[in-house]
1. When the stretch B:39-50 is examined, which residues are found to be in a helix (DSSP H, G or I) and surrounded by 14 or more Cβ atoms within 10 Å (Cβ to Cβ)?
2. How about the stretch B:374-446: which strands (runs of 3 or more DSSP E) wholly inside it have at least 2 residues that are surrounded by 17 or more Cβ atoms within 10 Å (Cβ to Cβ) and under 19 Å from the mean Cα position of the chain (by Cα)?
3. Inspect the stretch B:332-343 for any residue being within 14 Å of another protein chain (Cβ to nearest Cβ) and within 21 Å of residue B:253 (Cβ to Cβ) and give the result as yes or no.
4. Among the residues of the stretch B:78-100, is there at least one that is touching a helix residue (DSSP H, G or I) at 6+ places or on another chain (Cβ under 9 Å) and under 21 Å from residue B:195 (Cβ atoms)?
5. For residue B:225, only one of the following conditions fails: (1) in contact with a helix residue (DSSP H, G or I) (Cβ under 9 Å, 6 or more places away or on another chain); (2) closer than 25 Å to residue B:391 by Cα; (3) surrounded by fewer than 23 Cβ atoms within 10 Å (Cβ to Cβ). What is its number?
6. Could you please find all residues in the stretch B:236-249 being within 20 Å of residue B:299 (Cα to Cα) and either outside the structural domain of residue B:332 (by TED's automatic domain parsing) or modelled with pLDDT under 95 (or both)?
7. Answer yes if at least one residue in the stretch B:415-423 is within 14 Å of chain A (Cβ to nearest Cβ) and either in contact with a helix residue (DSSP H, G or I) (Cβ under 6 Å, 6 or more places away or on another chain) or more than 20 Å from residue B:168 (Cβ to Cβ) (or both), and no otherwise.
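The values are calculated or read from the model by the stated rules, or taken from the named source; none is laboratory data. Everything numeric here is computed off the predicted structure, so don't read it as measured data. Cβ sites come from the backbone with ideal geometry, for glycine too, and all protein chains shown count toward neighbours.
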């Protein structure tokens, strides 16, 4: 079980690398709004909060995707380390989608994104008992804008302390 | 909450089989039929009685206004200006002077009479074919005075049915989600109103997020998604009693609920480990069945009216597309093959079409296709719109539309709209607050 999880994540990582490298060449030209996006994944820090020093609370996704980027995996490793140091803390992973999709599909997509984060935390030794997944679909955007940068901030999984 | 209507319906005069006027509903509103809705006549004593009881100065005019408004908004009829009417309502109801009505180009005429009898509202109405100088229909109802709006809707349905050959959709209600507050922190409540926007009521307080209410086609029950205690689950709500219960015992989010056509099952999605599959639960014996089993997202299920098939949304091909399968989950076939993403399939109550939302090149469309995916027709294009729901006669779709915000993220709104199956007669349905996720009830009376 654990092995297959690791294997799956390796695949995800590989897939993410492929996606990123493909995007990097294409998007260099159209580096987005003050370099806050890579491809269409948000890379800025405007909306990010911190669970602890150096432990960002959220990861971002490409449109319609639930693949974790290199930066997302780094964030989640920091979260896993912090959770290992604080074994009494449980978390809720809140998955979100942007407004450019149908409500019901977005609910499922939010769940899929939060689960991608959960799977990664689990491969870094965090028990699934400590993690609850909650999807908000497109119901709770952080940015009310109707533009690609706003949408990129809204496609996210946020790790929230549950206790 | 809603009083059961007590209607005594007697046909006064048998309907003539071969009338001359006919409305061709396949053509949309290109040529709405000109007709005259004469105010229902009322004697002074009855008028005073209703004025005291209902605080309406002339209930006869009020009821005929409802009829006129319904027929106009259908897009199939063009009710003529009352100022041009030459004949007084009471005399017209006895025997219209057809030449007078012909003169103002009315092809059909509705007349009637209201009485206050034994604390009851008694209404009779007649539909006349002006060109043929003949009565087409005559009906009378008796009901409690508070039901006066419904009397207007029932008359509208009878007229619509007589002139188009199809059942009407006016004596119906819409359940929807009322929205208020900033886009990042919307307060959402379940709300219900008559099809024409009257009698709006809120059914929840807004303490928790609620989404996607849907009527049971066989009763006045509703299923919806609530984030009660931050656990998104499908609930069942009895509108009459206000009682609510969670549907099934799933260890995770259940969503996208709808009833089976007989109202005995709820079909919905259950999300777990990044996958969403479709399940049903029998409301009598509580037996849960898993219908799809695929690592993809399978959601937005909707039964065919005979209950034998299910259409649903899946990204098993890589992107959101529309599929049809048998009701046991076998024989899964993809039916959407056009450009773009497809979602929210809903089977027409007539069985012949599936309505959907399509996203293509940054635009959202409401469209219909045949149940094998052929004959795709896009009815309306906008920045954002989705979630079509059929009128019970399968002629009209109601959906919601959201606006694009400006550069400061301001100017967001969500409204209900309806459009005829032909793509004509698009109109906004006014609601006291912003609104989304509409669902149309079946006819309250038949």
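1. B:46, B:47, B:49, B:50
2. Answer list for the stretch B:374-446: B:377-382, B:384-390, B:396-402, B:414-420, B:434-440.
3. yes
4. Within the stretch B:78-100 (the criterion being touching a helix residue (DSSP H, G or I) at 6+ places or on another chain (Cβ under 9 Å) and under 21 Å from residue B:195 (Cβ atoms)), the answer is yes, since at least one residue qualifies.
5. If we test residue B:225 against (1) in contact with a helix residue (DSSP H, G or I) (Cβ under 9 Å, 6 or more places away or on another chain); (2) closer than 25 Å to residue B:391 by Cα; (3) surrounded by fewer than 23 Cβ atoms within 10 Å (Cβ to Cβ), just (3) comes out false.
6. B:248, B:249 - these are the residues of the stretch B:236-249 that are within 20 Å of residue B:299 (Cα to Cα) and either outside the structural domain of residue B:332 (by TED's automatic domain parsing) or modelled with pLDDT under 95 (or both).
7. No, the stretch B:415-423 contains no residue that is within 14 Å of chain A (Cβ to nearest Cβ) and either in contact with a helix residue (DSSP H, G or I) (Cβ under 6 Å, 6 or more places away or on another chain) or more than 20 Å from residue B:168 (Cβ to Cβ) (or both).
Matching residues to (1) closer than 20 Å to residue A:99 by Cα; (2) surrounded by 21 or more Cβ atoms within 10 Å (Cβ to Cβ); (3) within 14 Å of chain A (Cβ to nearest Cβ):
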position: B:288; (1), (2), (3): no, no, no
position: B:302; (1), (2), (3): no, yes, yes
position: B:329; (1), (2), (3): no, no, no
position: B:355; (1), (2), (3): no, yes, yes
position: B:363; (1), (2), (3): yes, no, yes
